[in-house]
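A short worksheet on the structure shown next.
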Amino acid sequence: MDRLPDRVLMKGNEAIAEAAIRAGCRHYFGYPITPQTEIAHYMAKRMKSVGGVFLQAESEVAAINMVYGAAGAGARVMTTSSSPGISLKQEGFSYIAGAELPCVVVNVARCGPGLGGILPAQGDYFQATKGGGHGDYRNAVLAPASVQELYQLTVEAFDLADRYRVLVLILADGTLGQMMEPVSHLEPKDATAAGKPWATVGTGGKRFHNTITSIYIDPERLEAHNLHLQAKYAKIARNEVRCESVGVEGAEVVVTAFGTTARIVRNVIRQAAEEGIKVGLIRPITLWPFPSEAVAAAAAHPSVKALLSVELNAGQMVEDVRLAVNGAKPVQFHGRMGGMLPTQREILERIRAIARPEGGT
Amino acid sequence: MALVYQRTCGLLDVPFHYCPGCTHGIVHKLVAEVLCELGLLDGAIGVSSVGCTYNNYEYFACDMQQAAHGRAPAVATGIKRVLPDATVFTYQGDGDLAAIGTAEIVHAAARGERITTVFVNNAIYGMTSGQMAPTTLVGQVTTTSPYGRDAATQGFPINVSEMLATLRGAVYVERVSVTSVKGIRAAKKAIRKAFLVQRKGLGFSFVEVLSTCPTNWGLSPVESLKWVDTAMQEQYPLGVFKGADLEVEP
Ligand SMILES: Cc1ncc(C[n+]2csc(CCOP(=O)(O)OP(=O)(O)O)c2C)c(N)n1
Ligand code: SF4
Ligand SMILES: [Mg+2]
């Protein structure tokens, strides 16, 4: 494969596409929707030069089912979309979970509900982390906060998907998708159907037939299948939690925020420090599994007066923060919706109100 | 003693679960026989759909995937794009293919996917106990058209083969029935041709098989065969709608 320079300036959406190719993804199925269509544009061009397949599907429903078929045939495969399209894919998510097919899906999220708007939002947190499709299943959910991380997590998503035979969802947003930042390239990984003895690639007359299915009419078998899935999810929860924790020790306020919002919060932390208020940040990188232990540990610090979850929604991740804190400290929420971003000032005011409830210093 | 008949290598030694007089089993056998006779079984991947045949992945001896309701052509597309040399087929009922899965079948055909679809039309939703299907005849009584399908409020049957034949990507489209020995022979020939069209990489191939559902039609097996030959064939004439002159025999 051609080598890109060690460090290049890339748009978030392009970084996702290039990372997938570098990770050995040679099959991409998608349907156009703003603000992620550049991924499809990039793939349409690039797949040809690497001998891969780009296919514009007739709908997101079709695209995710093409992913099902391709993943079942042992390929590294990806589809990308934005919120309304991700809703349509939920059917496929559930079947993919049931059939244990590894694949990567990116949601460059926009605001809802309905067609909503095309500006960035985090209103899909519940859908991403709590299901969306039917049945007891989990997707691993990654939340990058920079173009470099978009790139890196996309590459790692394919490994994670293969390791556990799960769907890995990358939850980004339009800001990250459109942002230009430098990216250092990782070496391409080797990825073939080898190591996927369960894949349906034809028996070759050498083995009993492989079947890929999510249906188990017999309740005992279905319960056993569900227990197997839950054991796998428990293993992911044990091994794959990731978060960035900054300045939590000695902090008066700990802010929880992911993705784009965490970038804004980082600036606020600096401003607060100038006022003598020490603010910590916990930025979940895996939204599922959620970094509950890190959040609980932060809440346990005697210096921490309260936690503040800042999100681009009406209060979604804050529920997981509250579960983790489990009443040890107050948990507050600040959110904006509709594509509006919280200003540094409004976040700072919430922090001041916690740290200096009487006003003044 | 000479062996004159044996189970086809394309089917596993598992009993079918279909009702007495149901012709799904015959269609399975034909597909399996063709795959074996053409030497395609070891490189074949089939896609089961949602309907009475939801678990026929347990019957076919080749690798199989089970797809969500209506999505088999999209799943097959994914498989074929990964394994262009494989022989990929879907096996779908009329509810699956002509209602919830209309978009998927039309676009797989329009793209000229090198896959083969075996479409089993029994003019009813068999598995869910006999509701009206898009293919239900006008006047036909089903559990959701208890007074007979009323065209004014429930519309008209869809002739899928005729519709798909209008698409350039669909290169071979034929409708057959399996109500007689002669019909079964013709059906097998059509299925064989459909797979050969795929092997030659000519485009999308499609065989619609008129099939019985005695259980939900409320007819005996023999009456059911007659009903296919009369009422159903009136709405769904047998014949080749596309690709009659394709020469594909090796
Ligand atoms: C999304 C979804 N909707 C509805 C169903 C219920 N369902 C199962 S089979 C079926 C109809 C199948 O009819 P057909 O395709 O004609 O197959 P047949 O049983 O007649 O062979 C329906 C509606 C389902 N399984 N999934
Ligand atoms: S319900 Fe109808 S289609 Fe289903 S197995 Fe019985 S006869 Fe066949
Ligand atoms: Mg039917």
Going through (1) in contact with a His (Cβ under 9 Å, 6 or more places away or on another chain); (2) assigned to a loop (DSSP other than H, G, I, E, B) one by one, B:M64 fails only at (2)
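Results for (1) in contact with a strand residue (DSSP E or B) (Cβ under 7 Å, 6 or more places away or on another chain); (2) part of a helix (DSSP H, G or I); (3) more than 16 Å from ligand 2 (Cβ to nearest atom); (4) open to solvent by 30 Å² or more (accessible area, probe 1.4 Å), shown as yes or no for each residue.
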{"residue": "B:C9", "(1), (2), (3), (4)": "no, no, yes, yes"}
{"residue": "B:P15", "(1), (2), (3), (4)": "no, no, no, yes"}
{"residue": "B:A32", "(1), (2), (3), (4)": "yes, yes, yes, no"}
{"residue": "B:D42", "(1), (2), (3), (4)": "no, yes, yes, yes"}
{"residue": "B:H69", "(1), (2), (3), (4)": "no, no, no, yes"}
{"residue": "B:P73", "(1), (2), (3), (4)": "yes, yes, yes, no"}
{"residue": "B:D85", "(1), (2), (3), (4)": "no, no, yes, yes"}
{"residue": "B:T90", "(1), (2), (3), (4)": "yes, no, yes, no"}
{"residue": "B:L97", "(1), (2), (3), (4)": "yes, yes, no, no"}
Could you check region B:58-67 and list, in sequence order, the residues that are under 16 Å from the mean Cα position of the chain (by Cα) and within 16 Å of ligand 2 (Cβ to nearest atom)?
B:Y59
Every residue from region B:137-153 that is of a type in the set (S, T, N, Q) and more than 16 Å from ligand 1 (Cβ to nearest atom)
B:T153
Please enumerate the residues belonging to region B:90-136 that are in contact with a Cys (Cβ under 9 Å, 6 or more places away or on another chain) and more than 9 Å from ligand 3 (Cβ to nearest atom).
B:G130
Taking the conditions exactly as written (surrounded by fewer than 24 Cβ atoms within 10 Å (Cβ to Cβ), farther than 21 Å from A:T203 by Cβ, among the small types (G, A, S) and in contact (Cβ under 8 Å) with a residue 12 or more places away in the chain), does B:G21 satisfy them or not?
yes
Condition first: surrounded by 24 or more Cβ atoms within 10 Å (Cβ to Cβ) and within 16 Å of ligand 2 (Cβ to nearest atom). Can you find one or more residues in region B:142-149 that meet it?
no
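Kindly indicate whether B:F206 is away from ligand 1 (no atom under 14 Å from the Cβ), of a type in the set (F, W, Y) and either closer than 17 Å to B:P237 by Cβ or more than 14 Å from chain A (Cβ to nearest Cβ) (or both). Explain how you work it out, then say what you get.
Details: away from ligand 1 (no atom under 14 Å from the Cβ): yes; of a type in the set (F, W, Y): yes; either closer than 17 Å to B:P237 by Cβ or more than 14 Å from chain A (Cβ to nearest Cβ) (or both): yes.
Yes.
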Wholly within region A:1-119, which strands (runs of 3 or more DSSP E) include no fewer than the required count, namely at least 3 residues that are crowded, with 24+ Cβ neighbours inside 10 Å and β-branched (V, I, T)?
A:77-81, A:103-109
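If we scan region B:171-182, do we find a residue that is assigned to a loop (DSSP other than H, G, I, E, B), within 16 Å of ligand 1 (Cβ to nearest atom) and surrounded by fewer than 24 Cβ atoms within 10 Å (Cβ to Cβ)? Lay out the reasoning, then the answer.
As a first pass, look at region B:171-182 and keep what is assigned to a loop (DSSP other than H, G, I, E, B): B:178-180.
If we keep only those that are within 16 Å of ligand 1 (Cβ to nearest atom) too, we end up with B:178.
Subsequent filtering for residues that are surrounded by fewer than 24 Cβ atoms within 10 Å (Cβ to Cβ) retains none.
Looking for residues that are assigned to a loop (DSSP other than H, G, I, E, B), within 16 Å of ligand 1 (Cβ to nearest atom) and surrounded by fewer than 24 Cβ atoms within 10 Å (Cβ to Cβ), one finds none in region B:171-182, hence no.
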Of A:A251, A:A199, the only residue that is within 14 Å of chain B (Cβ to nearest Cβ), open to solvent by less than 60 Å² (accessible area, probe 1.4 Å) and more than 18 Å from the chain's Cα centre (by Cα) is A:A199
Given the conditions (1) assigned to a helix (DSSP H, G or I); (2) open to solvent by 10 Å² or more (accessible area, probe 1.4 Å); (3) within 16 Å of A:V105 (Cβ to Cβ), and given that A:L153 satisfies all but one, which numbered condition is not satisfied?
(2)
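Looking at region B:209-224, is at least one residue open to solvent by 50 Å² or more (accessible area, probe 1.4 Å), within 24 Å of B:T117 (Cβ to Cβ) and acidic (D, E)?
So in region B:209-224, the residues open to solvent by 50 Å² or more (accessible area, probe 1.4 Å) come out as B:215, B:218-219, B:221-223.
Right, trim to within 24 Å of B:T117 (Cβ to Cβ) and you get none.
Checked region B:209-224: no residue is open to solvent by 50 Å² or more (accessible area, probe 1.4 Å), within 24 Å of B:T117 (Cβ to Cβ) and acidic (D, E).
Mind listing whichever residues of region B:44-56 are within 16 Å of ligand 2 (Cβ to nearest atom) and either assigned to a loop (DSSP other than H, G, I, E, B) or not small (G, A, S) (or both)? Talk me through it step by step, then tell me what you get.
The first filter runs over region B:44-56 and keeps only residues within 16 Å of ligand 2 (Cβ to nearest atom), leaving B:48-56.
Across region B:44-56, the qualifying residues are B:S49, B:V50, B:G51, B:C52, B:T53, B:Y54, B:N55, B:N56.
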Give me the residue from region B:30-55 that is within 11 Å of chain A (Cβ to nearest Cβ) and out of contact with any helix residue (DSSP H, G or I) (no Cβ under 6 Å at 6 or more places or on another chain) and, out of that set, nearest to ligand 1 (Cβ to nearest atom).
B:Y54
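Please work out which residue is surrounded by the most Cβ atoms within 10 Å (Cβ to Cβ), limiting yourself to region B:119-136 and to residues that are within 15 Å of B:C19 (Cβ to Cβ) and more than 8 Å from ligand 1 (Cβ to nearest atom). Step through it out loud before you land on a result.
The first filter runs over region B:119-136 and keeps only residues within 15 Å of B:C19 (Cβ to Cβ), leaving B:120, B:122, B:124-130.
Filter once more, so that each one left must be more than 8 Å from ligand 1 (Cβ to nearest atom): B:129-130.
On the way: B:S129: 11, B:G130: 20.
That would be B:G130.
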Scan region B:101-118 residue by residue and report those that are more than 10 Å from chain A (Cβ to nearest Cβ) and either without any contact (Cβ under 8 Å) to a residue 24 or more places away in the chain or open to solvent by 10 Å² or more (accessible area, probe 1.4 Å) (or both).
B:T102, B:R114
Yes/no for B:V27 being within 13 Å of ligand 2 (Cβ to nearest atom) and either in a helix (DSSP H, G or I) or within 13 Å of chain A (Cβ to nearest Cβ) (or both)
yes
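The values are calculated or read from the model by the stated rules, or taken from the named source; none is laboratory data. Treat the numbers as computed from the prediction; the structure is a model and nothing was measured. Cβ: placed from backbone, ideal geometry, glycine included. Neighbour counts: every protein chain shown. These accessible areas exclude ligands, DNA and RNA; they are computed on the full protein's heavy atoms, side chains included. Shrake-Rupley method; radii C 1.70, N 1.55, O 1.52, S 1.80 Å.
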